[in-house]
1. Can you name every residue in segment 126-170 that is farther than 23 Å from V207 by Cα, free of Cβ contacts under 8 Å to residues at least 60 places away in the same chain and touching a Lys or Arg at 6+ places or on another chain (Cβ under 6 Å)?
2. Which of the residues belonging to segment 607-628 are under 18 Å from E560 (Cβ atoms) and either part of a helix (DSSP H, G or I) or of a type outside the set (G, A, S) (or both)?
3. Kindly check whether there is at least one residue in segment 532-548 that is under 30 Å from L625 (Cβ atoms) and surrounded by 23 or more Cβ atoms within 10 Å (Cβ to Cβ).
4. Which residues, taken from segment 558-588, are of a type in the set (V, I, T) and either modelled with pLDDT under 95 or outside the structural domain of H445 (by TED's automatic domain parsing) (or both)?
5. Taking segment 144-182, which residues are over 19 Å from G66 (Cβ atoms), touching an Asp or Glu at 6+ places or on another chain (Cβ under 8 Å), surrounded by 12 or more Cβ atoms within 10 Å (Cβ to Cβ) and of a type outside the set (S, T, N, Q)?
6. So which helices (runs of 4 or more DSSP H) stay within segment 520-606 end to end and still have 2 or more residues that are closer than 25 Å to A645 by Cα and touching a residue at least 60 places away in the same chain (Cβ under 8 Å)?
7. Does T657 satisfy the criteria of being touching a residue at least 12 places away in the same chain (Cβ under 8 Å), over 16 Å from G678 (Cα atoms) and of a type in the set (S, T, N, Q)?
8. Taking the condition in contact (Cβ under 8 Å) with a residue 40 or more places away in the chain, surrounded by fewer than 24 Cβ atoms within 10 Å (Cβ to Cβ), in a strand (DSSP E or B) and of a type in the set (A, V, I, L, M, F, W, C), does L419 pass?
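The values are calculated or read from the model by the stated rules, or taken from the named source; none is laboratory data. This structure is a prediction, so every number in the text was calculated from the model and none was measured. Because the Cβ atoms are built from the backbone with ideal geometry, glycine has one as well, and the counts that use them run over all protein chains shown.
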Amino acid sequence: MRTTLAAAALTAATVLTVPMVAAAAPAPAASAAATSDRGRGPHLVPTLEQRATLSADHLAEGPASGAAVTPANGRTGPFDGQVIPGFSAMVDNGDGSFWAMPDNGFGNKQNSADFLLRVYRVTPDWETVDGGAGEIAVDEFISLRDPDGHIDFPIVNEGTEERLLTGNDFDVESLVRAEDGTFWIGEEFGPFLLHVDATGKLLEAPVPLPDLREGADGELESPQSPYLADGEEPLIRSSKGFEAMAGSKDGRYLYPILEGAITDDDEQRRRWIFQFDTTTGEYTGATWQYEADTDANLVGDAFMVKNDRLLILERDDFDGPASVTKRVYEIDLRSTDDAGYVEKELVVDLLDIANPHLIGTESSAGAYGVGEEFAFPMQSVEVVLQLADGRLLVGNDNNYPGNDARYPGTPDDTEMIVLDLEPTNRGGASGAQAGSNDPAEVIGHRGASGYRPEHTLAAYELAMNQCVDYIEPDLVSTKDGVLVARHENEIGGTTDVADHPEFADRRTTKTIDGAQLTGWFTEDFTLAELRTLRAKERIPATRPANTAYDGLYVVPTFEEVVDLARHSRTCDGEPMGIAPEIKHPTYFDSVGLSMEESVAEILEANGYGDKQDPVVIQSFETGNLKDLDGLTDVALAQLVNCSGAPYDLVAAGDSRTYKDLTTAEGLEGIAEYADILGACKDVMIPRNADGTLGEPTPVIEDAHRAGLEVHGWTFRAENTFLPTEFRSSADPAEHGDLAGEITVFLEAGMDGIFSDHPDIAVAAAEDFADAQHPGR
């Protein structure tokens, strides 16, 4: 018999240079009142200690800027001075002040010719537990310029004596100060490295980036490179150059990192790290590869915390409640995985920060993410550095006037925050260990699908924030054999495929498990084609709030979901669990797209394959689970529906039904190859004719006698899904008493909860455990 899920979660965490903490996403604004911060034992998160802001509308001295900017959030250029559109890089001066560098101004070459490239000295008057103004003072600045004519291509201020550099000339993004006081700057139009003195004067010609990949030659250039030849195809996308750059502790080496993928790379999650020797003025040829959580994620900044160890700020391109990834990872350049990528470990999830001192709640009253639970959900989080005392400073580029994460319709201020990484217990019992007194396990059913479109990274991330033990991806296959997360292989109801005329001819009728379905099917799309689609809410009439996120998120691959889980922690700091369900295995076998082997291989490649690993593979069929029993040692779950029969048995002419499988004898048979019974709620407690809950069946007791855990599905908060006695009104979409329903099933002996609303399920499980075991 394999290990139970509770025991599987007890795996020791790796100790790194910077403390690891639990990862999560912010609670949805629409359901903040319903969101619980209670979890499995302590909810361990970093703590906000300091915060300061600079008004988005602050103007520095200088000529007008923003004449060509796109109007947004009630702001229209030109502006009477130089805008400070947030900061893309910072250097700690050690005296309470920082050198802070904005990027090229307004986002592209065409609209930024009147934006002067500068590095500002800023001094935050921090808001802390003891008070403070919480404001950033702009003290002085240095202007980037080329009076000696090192630049050999035309610039905006070509004919002037100072040759001040503008956002039309370079897109400066990263900053490292050398031991001699000069600055090295990474930029994105080349991409180039720029070397300036302490006053901002260019000291040498911009350094282009050679293509250092094995077997390659020439240079890696962006579409904005002044050296791109006519007809030459750029290999770096616009604004995907050196957003991030770290400097070695001895000052000799720079480590510039490409923000995005190289266009001809088969692995679009790969981000290249290079090494530049400042003593020779040349790239050394050494490279490393970093794997982003998903294709579209960006590397926003980097900081060397110790020789060979870097902090990497990884972000998505969303803001506010739509944000999914605003994370700081730590990597070790000496440690790579079997695929050649540097190993990464989570340091902090910027969407899940404790704010026990309520910093910012008065100065930013009503702002999204500013409360006892704090989030840093700006689109362009582009500054991370470690202070001398080990705390982290984080800052943002506000893309003025476009970003409005805090207050919709109002440009975001520039923010600087300081985080204490010693984990804070934000709820739950401390020192929790898995045992008989622990609350029932909670599985985020398709993620937190009550609050985000199902089977998206956003839904999984939010489920983790709501303290689930496991996230559950349903798996289907693409035409080219890639496993992706969808509830069904028919995707007309969960993506915007119907809005893509190029796929109109893919609409067809198929027989899946004996039933005819008309629509679009994943097995008729390659992964590349599927990635052009965006997810949408499956039941919009029941969950209208979720439609706000329609069209934002791609269909994730199973590998991406596995990576998200293995780089995350539960709320008590344990490894996050994964509970993949293999959909329609007999059908996919019939079309040559068997999934079981790939599932086992992907899990094994990511370190999951042993009894102690927090993984459970599920299926409504029986034969594939028996096959998997010989392929892997992770836990297996036999799912049983309220009616019908496993389709593999139907296809083989076997007359057994799900009802037969849940007899005492049938459950003993399941226990020969599986560890868990995943039961439809009615199998455990059927409903009476009036829709109320009836009496429990013997299934839970018989399953326990056979040695099986019992997990029930699916617990949803909307009235339409609840027994009548737990409904709040006649409105089918209104939330009723889900906790009350869950409690009845826990009293009947259920061990695990599949829920679309994990926050409610976690709270109900905790309350039940507290009532059963006071003082546990």
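1. D139, E140, listed by residue number.
2. Step one: filter segment 607-628 for residues under 18 Å from E560 (Cβ atoms), giving 607-608, 614-615, 617.
Passing the criteria: Y608, P614, V615, I617.
3. First, pick out the residues of segment 532-548 that are under 30 Å from L625 (Cβ atoms): 535, 538-539.
Within this subset, residues satisfying the condition of being surrounded by 23 or more Cβ atoms within 10 Å (Cβ to Cβ) are 535.
Checked against the condition, which is being under 30 Å from L625 (Cβ atoms) and surrounded by 23 or more Cβ atoms within 10 Å (Cβ to Cβ), segment 532-548 yields at least one hit.
4. Going through segment 558-588, the residues of a type in the set (V, I, T) turn out to be 561-562, 570, 578, 582, 586.
Scanning segment 558-588 gives a single hit, T570.
5. R145, P147, H150, I151, I155, R163, E173
6. Values: elements: 527-530, 558-566, 585-590, 596-605.
Because the criterion is at least 2 residues that are closer than 25 Å to A645 by Cα and touching a residue at least 60 places away in the same chain (Cβ under 8 Å), the helices (runs of 4 or more DSSP H) in segment 520-606 that meet it are 585-590.
7. Working: touching a residue at least 12 places away in the same chain (Cβ under 8 Å): yes; over 16 Å from G678 (Cα atoms): no; of a type in the set (S, T, N, Q): yes.
No; evaluated as a whole, the condition is false for this residue.
8. Numbers: in contact (Cβ under 8 Å) with a residue 40 or more places away in the chain: yes; surrounded by fewer than 24 Cβ atoms within 10 Å (Cβ to Cβ): no; in a strand (DSSP E or B): yes; of a type in the set (A, V, I, L, M, F, W, C): yes.
No, not satisfied.
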